[in-house]
Amino acid sequence: MSGPFQGGADPARVDVVVVSYQSRELVLAALDSLAGHGGLPLEVVVVDNASTDGTTAAVRERHPRARVLANGENRGFSTACNQGWRSGGAPLVLFLNPDAEVRPGAIPAMAAALDSRPAAGIVGPRTLNEDGTVQVSTGEDLTIASERRQRRLVRGVRDRDARALAEAEARHSREHEPDWVSGACLMARRAALEAVGGFDEGFFLYEEDADLCRRVRAAGWLVRFTPAAVVRHRLGRSMEKAGGRPRAEYDRSHLRYYDKHNGLLQRLLLRAWLAANRRRARGA
């Protein structure tokens, strides 16, 4: 089977990087969704973090034009993303989670959003939940206060609270410049990635997107959001087979982000909040 991306004589305009771990069917669905890219030349690379579910063989069979980089161990999301974009040469790079699927026209729309603003280094799309409701995929730089607001909004959307749904819809129905966009699907200029060295590989999982966007902005680029591009994200599906590690990595990544970017008071408050969460989890 030839797959939806055909290569050809034209050099790739976009390198698409998909990082996989024990998510064969999700990866295949994500790659299938790339068919609606409007003829924009794509080069697709799947970086697999030592899956044992046959991901690499399935990708090579269904999408033989995709390149597969098979790691011998789970090197983490950030490291695998860096492997992917550094292995290509297109001026734009799309990072796509295995549990995300791009809607037709999404990739050209993100490319157009960057083309129209030369100062923009990263752009993110409008992201939908499986039921079609908008997903909270943008936000402010991480602080104790901003994260409380963000969690309240995310919970409200999850619980179908009318006010939260209206707020999320308002935020994600217009073009704007948030502090960060979700790494479930984001497009970056190669020049912006090169300017900051790509993802910080100290983030094994989580918060690497907020950190990348913050460093790209510090380097003089803008971060954009465009509702013209639409992606469906099966939130959390790619983590279902990862066991208990994601919770620990979430806490570790939080601490790393705050240690890099926030002051002493913020760091102390975060550590106290994480310790309280651990006590509650133990039933203390």
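Taken together, the values in this text are just the output of simple stated rules run on the coordinates, not laboratory data. What you see is a predicted model, and the numbers here were worked out from it, not measured in a lab. When we count neighbours, we look across all protein chains shown, and the Cβ atoms used for this are built from the backbone with ideal geometry, even at glycine.
Kindly state, to the nearest 0.05, the FRET efficiency for residue 161 paired with residue 279, given R0 = 22 Å and r defined as their beta-carbon distance.
Efficiency computed from Cβ-Cβ geometry: 0.20.
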Practice task
Among 254, 176, 63, rank each residue by its count of other Cβ atoms within 10 Å, from fewest to most, as a rough exposure measure.
Solution key: 176, 254, 63
Fill in the blank from the handout: Once phi for every residue in the range 189-203 is put through the Karplus expression 6.51 cos²θ - 1.76 cosθ + 1.60 (θ = phi - 60°), the whole-Hz ³J(HN,Hα) values, with Gly and Pro written as x, are 6, 4, 4, 5, 4, 5, 5, 10, x, x, 5, 6, 6, x, 8
Completion exercise
The answer for residue 176, listing residues at least 5 apart or on another chain whose modeled amide H is closer than 5 Å to its amide H, is 225
Completion exercise
Long-range amide H partners of residue 186, meaning residues 5 or more apart or on another chain whose placed amide H is closer than 5 Å, are 95
Completion exercise
Ranked from fewest to most other Cβ atoms within 10 Å of their own Cβ, 133, 55 fall in the order 133, 55
Fill in the blank from the handout: Applying the gyration tensor rule to the Cα atoms of the range 1-143 (axes a ≥ b ≥ c; rounded if a/c under 1.5, else prolate if a/b exceeds b/c, else oblate), the class is rounded
Completion exercise
So residue 131 and residue 119, fully extended at 0.36 nm per residue minus their Cα-Cα distance, gain in nm 0.9 nm
Practice task
Provide the gained length on full extension for the span residue 147 to residue 247, in nm with one decimal, where the gain is 0.36 nm per separating residue minus the Cα-Cα distance.
Solution key: 34.3 nm
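So if a site counts as exposed when it's one of the GluC sites (Glu not before Pro), its DSSP state isn't H, G, I, E or B, and it has at most 15 other Cβ atoms within 10 Å, what's the longest stretch of the chain without one?
1-72
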